[in-house]
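Structure, as structure tokens:
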Amino acid sequence: MKKSGIISLALSVVLFSTTIFNSAQAQGDKKSTAILDAMSNKYQKIKSFKAIFTYTPDGGKPLKGDATVKGTKFRLKMAGQEIFNDGKLMATYIKETNEVNLQDFDPTAGGDLDPTRIYSAYKKGFKYAFLQEKKEGAQTFDVVELTSTGKNSQVDKVQIQVNKADNSINSWKIFQKNGQKVTYKVEQFQPDVAVADNFFTFNAKQFPGVEVVDLR
């Protein structure tokens, strides 16, 4: 998978996080709805977080990434790129070329799985069903499958693995309509981290010689 494709899916990652519930009606069976609601309620109580994760393209090797989220603000680092989003401006820094692309951020146009919405994304644009209970070592997980209902969606379905003990997300696998698949697994999760707002703003002074491409 190309880096651009990985980054596009990465925005699905962080955005699997802190948005308030939509008013859309649930589109799943009682068991899957209960699992997802419990999971979403858990994360809605968290004001900010830092997560370290691995992402594995289908047939590829696991790679590492990390994300810090605070409300609609996020900072995401993976695949040789770092995305800064202060809730208004999104800056994508490409390490290989020492270039940053600037564009306005529209939280209402986040696409299928917007970085600040993975924990409530299922409320709109998906139908879902309980797949199975799965054991890994001493832990037990519920697996729920979300299927996109949007005709223009690039995502076909998402399988989310939720820890039965504390309703936390252990991993999720995204299936795109073009056949690409990526699995994300949370390795470390730190809730309610103290982080200043300027952490999410790109500062050119910290990147000597950076080329700024303004796409606004």
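The values are calculated or read from the model by the stated rules, or taken from the named source; none is laboratory data. The model shown is predicted, which means the values in this text are computed figures rather than measured ones. Virtual Cβ from ideal backbone geometry, glycine too; neighbours counted across all protein chains shown. Quick note on the areas: whole protein, heavy atoms, side chains included, nothing else; ligands and nucleic acids left out. Shrake-Rupley method; radii C 1.70, N 1.55, O 1.52, S 1.80 Å.
Structure summary
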quantity: Those residues of the stretch 147-164 which are in a strand (DSSP E or B) and more than 23 Å from residue 189 (Cα to Cα), in sequence order; calculated: 147, 148, 155, 156, 157
quantity: Strands (runs of 3 or more DSSP E) (entirely within the stretch 165-216) containing at least 1 residues that are touching a strand residue (DSSP E or B) at 6+ places or on another chain (Cβ under 7 Å) and open to solvent by 80 Å² or more (accessible area, probe 1.4 Å); calculated: 181-191, 211-214
quantity: Failed criterion for residue 142 (all others in (1) surrounded by fewer than 20 Cβ atoms within 10 Å (Cβ to Cβ); (2) modelled with pLDDT of 65 or more hold); calculated: (1)
quantity: Tally, over the stretch 87-106, of residues that are open to solvent by less than 40 Å² (accessible area, probe 1.4 Å) and within 25 Å of residue 44 (Cβ to Cβ); calculated: 3
quantity: Selection status of residue 134, in a strand (DSSP E or B), within 16 Å of the chain's Cα centre (by Cα) and modelled with pLDDT of 85 or more; calculated: no
quantity: Neighbours by Cβ (under 6 Å, 6+ apart or cross-chain): first from the stretch 70-81, of a type in the set (Gly, Ala, Ser); second modelled with pLDDT under 90 and open to solvent by less than 30 Å² (accessible area, probe 1.4 Å); calculated: 79/6; 79/7
quantity: Subset of the stretch 82-110 (residues that are acidic (Asp, Glu) and outside any strand (DSSP E or B)); calculated: 86, 96, 106
quantity: Residues located in the stretch 25-81, provided they are of a type in the set (Gly, Ala, Ser), under 26 Å from residue 147 (Cβ atoms) and not in a strand (DSSP E or B); calculated: 26, 32, 34, 38, 40, 59, 60
quantity: Residue satisfying condition, being surrounded by 15 or more Cβ atoms within 10 Å (Cβ to Cβ) and at pLDDT below 90, within set 158, 162; calculated: 158
quantity: Cβ pairs under 8 Å, 6+ apart, first in the stretch 189-201 and among the charged types (D, E, K, R), second open to solvent by less than 60 Å² (accessible area, probe 1.4 Å) and modelled with pLDDT under 95; calculated: 192/46; 192/48; 192/49; 197/73; 197/86
quantity: Some residue of the stretch 24-39 being modelled with pLDDT of 90 or more, open to solvent by 50 Å² or more (accessible area, probe 1.4 Å) and out of contact with any helix residue (DSSP H, G or I) (no Cβ under 8 Å at 6 or more places or on another chain); calculated: yes
quantity: Test result for residue 73, over 25 Å from residue 213 (Cα atoms), open to solvent by 40 Å² or more (accessible area, probe 1.4 Å) and modelled with pLDDT of 85 or more; calculated: no
